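The values are calculated or read from the model by the stated rules, or taken from the named source; none is laboratory data. Note that the structure is a prediction, hence the values are computed from the model and not measured. Here the Cβ positions follow ideal geometry from the backbone for every residue, glycine too, while neighbour counts run over all protein chains shown. Note: areas computed on protein heavy atoms with side chains; ligands, DNA, RNA excluded. Shrake-Rupley method; radii C 1.70, N 1.55, O 1.52, S 1.80 Å.
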Amino acid sequence: MGLLEGKTALITGASRGIGKALAERFADEGANLILTDLFYDENAKALEADLSAKGVKVKMYASDASKFDDAQKLVDEAMKDFDGIHILVNNAGITRDTLLLRMTEEQWDMVINVNLKSAFNLTKAVQRTMIKQREGSIINMSSVVGVGGNAGQANYSASKAGMIGFTKSVAKELGSRSIRCNAIAPGFILTEMTDKLGEDVKKAWADQIPLRRGGTADEVAKVAVFLGSDLSSYVSGQVVQVCGAMMT
Ligand code: NAD
């Protein structure tokens, strides 16, 4: 029996990278899946078909996680197709990296809205369902730069640090309803997001990591399975760093 049998998970930004790896692992563990991304395109349809072939119920929705009304509409729509939502993964995220001297207001607002406001939007949208179920695990995809900061990423680091404060507050507020909330802080993970960095930058990152390599999306997904499952039934309000000891 899979670790997530009988559970339904909502994962935002699931069409590629870490979100896609999470969807694959969660399906392997028996979870039904409500997946979102900005577009419902051929790639999304193919992912839906691949995951459904694992024997779980999967539906992908086009939904902008940074928009409050989209999140509410998504959950209303999904509740027509699924019996509940037991796991929420706030994974959708973007970068607009540049030094503070050059950072525009638009670059700041976009990153805060997509990375941080989205976690508020989706948590608000699922909280009634989770409270009624008296069960829920919320996982927020933060980052080690939300813990330690990073030059050239003031907007991104602030959004990821904000997610940590949000995680701890939700854990304290909804704990009495048996809802847990944790953050994952990945380090340098090899996905399309980090692929756009130059080879020299990627090598410099790897050289600073005690495990001497970037992580894989699946290595993040395995931690999300733990946090989503009953294996972590007494773990809440925590930040789990998945970074090869980079931030220690
Ligand atoms: P990615 O760019 O490969 O994938 C992000 C996905 O989110 C994409 O499919 C994108 O279309 C989707 N998305 C973007 N804006 C959205 C929106 N408004 N609504 C819905 N979906 C949206 O990124 P990734 O590397 O897989 O990162 C996933 C998460 O992990 C992000 O929150 C990122 O900040 C975080 N993270 C990544 C790394 C890393 O090294 N890759 C490290 C730390 C944290």
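Descriptive notes on the structure:
- For Phe226, the solvent-accessible surface with a 1.4 Å probe is about 80 Å², rounded to the nearest 10.
- Radius of gyration and Dmax over the Cα atoms of region 73-120, both given in Å: 15.5, 49
- Once the mean of 1/r is taken over each pair of separate Cα atoms and inverted, region 158-248 shows a Kirkwood hydrodynamic radius of 14.5 Å.
- By a 1.4 Å probe calculation restricted to protein chains, Asp81 has an accessible surface near 50 Å², given to the nearest 10.
- Distance between the pseudo-spin-label points of Tyr234 and Thr98 (7 Å out from Cα toward the beta carbon): 5.0 nm.
- Per-residue [θ]222 nm for the chain (sum of -39500 (n - 2.57) over DSSP H runs n ≥ 4, rounded to 500): -13500 deg cm²/dmol
- Distance between the pseudo-spin-label points of Glu77 and Lys57 (7 Å out from Cα toward the beta carbon): 1.7 nm.
- A straight chain from Lys132 to Lys67 at 0.36 nm per residue would run longer than the Cα-Cα distance by 21.0 nm.
- Contact order relative to length of region 1-156, as percent, for alpha carbon pairs under 8 angstrom and 6 or more apart: 24
- Surface accessible to a 1.4 Å probe, Glu42 within the full protein complex, Å²: 130
- Gyration tensor verdict on region 37-81 (Cα atoms; rounded if a/c is under 1.5, prolate if a/b is larger than b/c, oblate otherwise): oblate
- Placing unit charges on the Cβ atoms of the charged side chains and taking the dipole of region 8-241 about its Cα centre, the candidate lying farthest along the positive direction among Met163, Ser52, Val201 is Met163.
- Mean projected area of the Cα convex hull of region 18-107, taken over all directions, amounts to 7.2 nm².
- Heavy atoms of the protein chains alone define the surface here; on that basis the chain has 48 Å² accessible area per residue at 1.4 Å probe size.
- Rolling a 1.4 angstrom probe over region 8-241 with all protein chains present gives an accessible area of which 51% lies on carbon and sulfur atoms.
- Phi to ³J(HN,Hα) by Karplus 6.51 cos²θ - 1.76 cosθ + 1.60 over region 3-11, Hz, x for Gly, Pro: 5, 10, 4, x, 10, 10, 10, 9, 10
- Cα-based shape type of region 54-188, given that a ≥ b ≥ c are square roots of the gyration tensor eigenvalues and the cut on a/c is 1.5: prolate
- Quick note on region 8-241: its Rg to Rh ratio, both from C-alpha atoms and Rh being the Kirkwood radius, is 0.95.
- The accessible-area ordering, largest first, of the residues Met246, Met1 stands as Met1, Met246, per a 1.4 angstrom probe.
- Student exercise, region 8-241 dipole from Lys, Arg, Asp, Glu Cβ charges, in Debye to nearest 20: 680
- For region 187-234 and region 24-65, distance of Cα centres in Å: 22
- Gaussian network model of the chain, Cα within-10 Å springs - most flexible of Thr191, Thr12, Thr167: Thr191
- Ordering Pro186, Val235, Val220 by the projection of their Cα atoms onto the charge dipole of region 169-248, which places +1 on the Cβ of Lys and Arg and -1 on the Cβ of Asp and Glu, puts Val235 at the extreme positive end.
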